[in-house]
Amino acid sequence: MAEKIQSQLSRMLNKVSQKFPQVEEPTVMTDIHIRINQETGDVMVYNDDEQEITRIVVDEWIDNQEDEKLFYQKAAKALRQLLLKDGFGSSMGIIMPYSFVLETETGEHIDELFIADTDDTIIIGGAFMENLEKDLDDFMKHLMED
């Protein structure tokens, strides 16, 4: 992803972290919802109560004609990399566990980008979750056969 896009997304995430500064005893309980509009380039960040935290426009994404699935995969990868950078995603003043969720502009769930937990940081996305349900079904079937 272009350096300019990464820079814009990084500034956006920094604005989010400023809204939830790290404190000894967090009192805020929410997830962070990142909504992207592929046509307008809008990237909006909301809390669980649908209150907007911040927004930016990524000019390079305006009127993006790329396949929707591929577009969101690239956006998720870029956001995940930024959230991992220097432990950013797990250093906010929010009661754990909390997650960063990628959504369409209408709030439709696309991908779980990052989950911050008290002991470890868990990253979920893409291939990890893709076949999880099938794997669990196969495991249960195998247990039932024994």
Revision key, fill the gap. Length gained, Ile95-Met144, 0.36 nm per residue minus C-alpha separation, equals 13.7 nm
Study note, to complete from the structure: Reduced to Cα centres, the span from the range 29-105 to the range 1-22 in Å works out to 10
Exercise for review: Take peptides 48-58, 73-83 and line them up by average Cβ neighbours within 10 Å, highest first, as a rough protection proxy.
Suggested key: 73-83, 48-58
Point to revise | Derived scalar couplings ³J(HN,Hα) [the range 138-145; Karplus, 6.51 cos²θ - 1.76 cosθ + 1.60; whole Hz; x for Gly, Pro] | key: 4, 5, 5, 4, 5, 5, 5, 6
Revision key, fill the gap. Given 21-30, 87-96, the highest-first ranking by average Cβ count within 10 Å works out to 87-96, 21-30
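Keeping all protein chains in place and using 1.4 angstrom, which order do Glu3, Glu112, Glu39 fall into by accessible surface area, from largest down?
Order by accessible area, largest first: Glu3, Glu39, Glu112.
Quantify, in whole percent, the carbon and sulfur part of the accessible surface of the chain (1.4 Å probe; protein heavy atoms only).
48
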Review point. Assuming R0 = 30 Å, what is the FRET efficiency of Asp63 and His109, from their Cβ-Cβ distance, to the nearest 0.05?
Key: 0.80
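Return one whole number: the accessible area per residue of the chain in Å², for a 1.4 Å probe. Write out the running numbers ahead of the final one.
Working: 9070 Å² over 146 residues.
Dividing the accessible area of the chain by its residue count gives 62 Å².
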**Study point:** Estimated inter-spin distance, Ala2 and Asp31, nm [label 7 Å along Cα→Cβ]
**Key:** 3.1
Review point. Which links in Lys4/Lys77; Lys4/Lys74; Lys15/Lys69; Lys19/Lys85; Lys4/Lys69 stretch past 25 Å when you go from one Cα to the other?
Key: Lys15/Lys69
Review point. Quick one: net charge of Gly41's neighbours, Cβ under 13 Å, K/R +1, D/E -1?
Key: -4
Study note, to complete from the structure: Once the dipole of the chain is set up from charges on Cβ (+1 Lys and Arg, -1 Asp and Glu), the residue from the list Leu102, Asn64, Leu9 lying farthest towards its positive end is Leu9
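The values are calculated or read from the model by the stated rules, or taken from the named source; none is laboratory data. Predicted model only: the values in this text are computed from it and were never measured. Here the Cβ is made from the backbone with ideal geometry for all residues, glycine too, and neighbour counts use every protein chain on show. Surface accessibility is based on the protein's heavy atoms, side chains included, excluding ligands, DNA and RNA. Shrake-Rupley method; radii C 1.70, N 1.55, O 1.52, S 1.80 Å.
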